[in-house]
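Just below is one structure, and these are the notes that go with it.
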Amino acid sequence: MKAVWYERTGAAPDVLTYGEMPTPEAGPGEVRVRLEASGVNPADVGRRAGSYRAMEFPRVIPNSDGAGIIDQVGAGVTRFQPGQRVWLFNGQRNGRAFGTAAEYIVLTEHLVTALPDDVSFAAGATLGIPCMTAWCCLFGDGTIVGQTVLVTGGAGAVGHYAVQLAKGGGAQVIATVSSAAKAEQARLAGADLVINYRTEDVVAKVMTFTGRRGVDRVVDVDFGGNLATTLKLMAMNSTIAVYATNGNRNPVVPMRELMEKCISLRALVLYALPPSLLGSAQADISKWLAAGKRIHNIAAQFPLAQTAQAHLAVEKGDKLGTVIVDCAR
């Protein structure tokens with residue numbers, strides 16, 4: 001099969017190789033997916049660059065999300081059969097060297113979910129880690145009906161899905177963004193209030209919107225960078241769900257302030273969550289997709305041979321949506 005891989009970390013054009021690799025075979029409990037599209041996440045780029053941790057394998061095929069068609073099933077597989085359209089997540093993560101920047105991937109069936117016929121493969125490849133992370137941040141502790149949810153980075157890959165899912169889950173949604181273009185994306189996703197944190201007073205706007213009560217839940221793209229602001233707008237018995245903290249990777253957490261408002265911290269990384277929670281997320285996302293038209297933001301698309309350019313597009317930091325690699329071309 002055609003694939004892209006790296007054997008050392010570094011700059012994408014320097015370390016990513018495009019060539020032939022053996023096509024994998026599905027083992028017991030596994031399915032093989034003929035990939036049509038691969039989604040590039042910031043974590044995929046960070047792993048390849050070497051900014052996350054040391055390489056865990058001598059050769060890595062990058063990218064964790066994707067979509068395609070099942071063409072082989074292993075012994076004991078009961079949920080899928082050849083010919084089904086699917087999306088997948090955690091293709092390349094702890095314990096797995098080979099991700100979705102390839103024509104084929106083999107992985108356990110619980111990482112695979114049926115893709116509706118009216119959702120393109122490119123759109124399906126935007127689901128994976130962004131949509132699963134958004135769902136787990138929102139619903140990991142139960143229902144959000146009637147709550148007020150703040151999504152920081154409401155036009156980002158995770159944030160844009162979090163806004164849509166939160167509205168679908170019965171919450172009022174506030175989104176923070178950094179530009180007028182991103183504000184429009186958050187509004188299209190259904191945000192009730194959009195705040196440009198570069199030009200507006202986030203705390204004042206939030207507290208006015210909530211009648212001085214504060215928000216019940218934050219889906220936070222930068223816990224350390226946002227913490228000083230976040231603490232000022234939390235309601236009593238509220239929750240901060242954290243999926244990234246790049247602005248300050250080692251923040252000082254003022255425990256007394258958290259205690260006085262009974263604020264819970266839910267820190268999460270997708271691959272470490274309980275299988276039961278991940279299964280609930282997959283099932284609920286499937287129902288959500290089937291219930292109506294959804295917005296799947298695709299920032300750019302590159303052929304498989306140009307995966308390095310796709311990684312550079314993510315590193316640039318100005319994308320709206322997910323960068324996609326087209327595995328079939």
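Bear in mind that the values in this text are calculations on the coordinates, not laboratory data. Everything numeric here is computed off the predicted structure, so don't read it as measured data. Reconstructed Cβ throughout: ideal geometry from the backbone, glycine too, with neighbour counts over all protein chains shown.
Miscellaneous remarks
- Test for residue 61: is it within 19 Å of residue 324 (Cβ to Cβ), out of contact with any helix residue (DSSP H, G or I) (no Cβ under 9 Å at 6 or more places or on another chain) and either free of Cβ contacts under 8 Å to residues at least 60 places away in the same chain or not aromatic (Phe, Trp, Tyr) (or both): yes
Conditions tested, residue by residue: (1) among the hydroxyl-bearing types (Ser, Thr, Tyr); (2) over 18 Å from the mean Cα position of the chain (by Cα).
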| site | (1), (2) |
| --- | --- |
| 201 | no, yes |
| 207 | no, yes |
| 210 | yes, yes |
| 227 | no, yes |
| 231 | no, yes |
| 238 | yes, yes |
| 266 | no, no |
| 269 | no, no |
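- Number of residues in region 93-130 that are buried (at least 24 other Cβ atoms within 10 Å of the Cβ) and of a type in the set (S, T, N, Q): the value is 3.
- The set of residues in region 288-320 being surrounded by fewer than 15 Cβ atoms within 10 Å (Cβ to Cβ) and either in contact with a helix residue (DSSP H, G or I) (Cβ under 6 Å, 6 or more places away or on another chain) or without any contact (Cβ under 8 Å) to a residue 12 or more places away in the chain (or both) consists of 292, 293, 316, 317, 318.
- Strands (runs of 3 or more DSSP E) wholly inside region 2-45 containing at least 3 residues that are surrounded by fewer than 23 Cβ atoms within 10 Å (Cβ to Cβ): 17-20, 30-40
- For region 67-85, filtering for residues that are in contact with a helix residue (DSSP H, G or I) (Cβ under 7 Å, 6 or more places away or on another chain) and either among the hydrophobic types (A, V, I, L, M, F, W, C) or within 30 Å of residue 320 (Cα to Cα) (or both) leaves 4.
- Given (1) in a helix (DSSP H, G or I); (2) of a type outside the set (Phe, Trp, Tyr); (3) touching a strand residue (DSSP E or B) at 6+ places or on another chain (Cβ under 8 Å); (4) crowded, with 20+ Cβ neighbours inside 10 Å, index of the condition residue 323 fails: (1)
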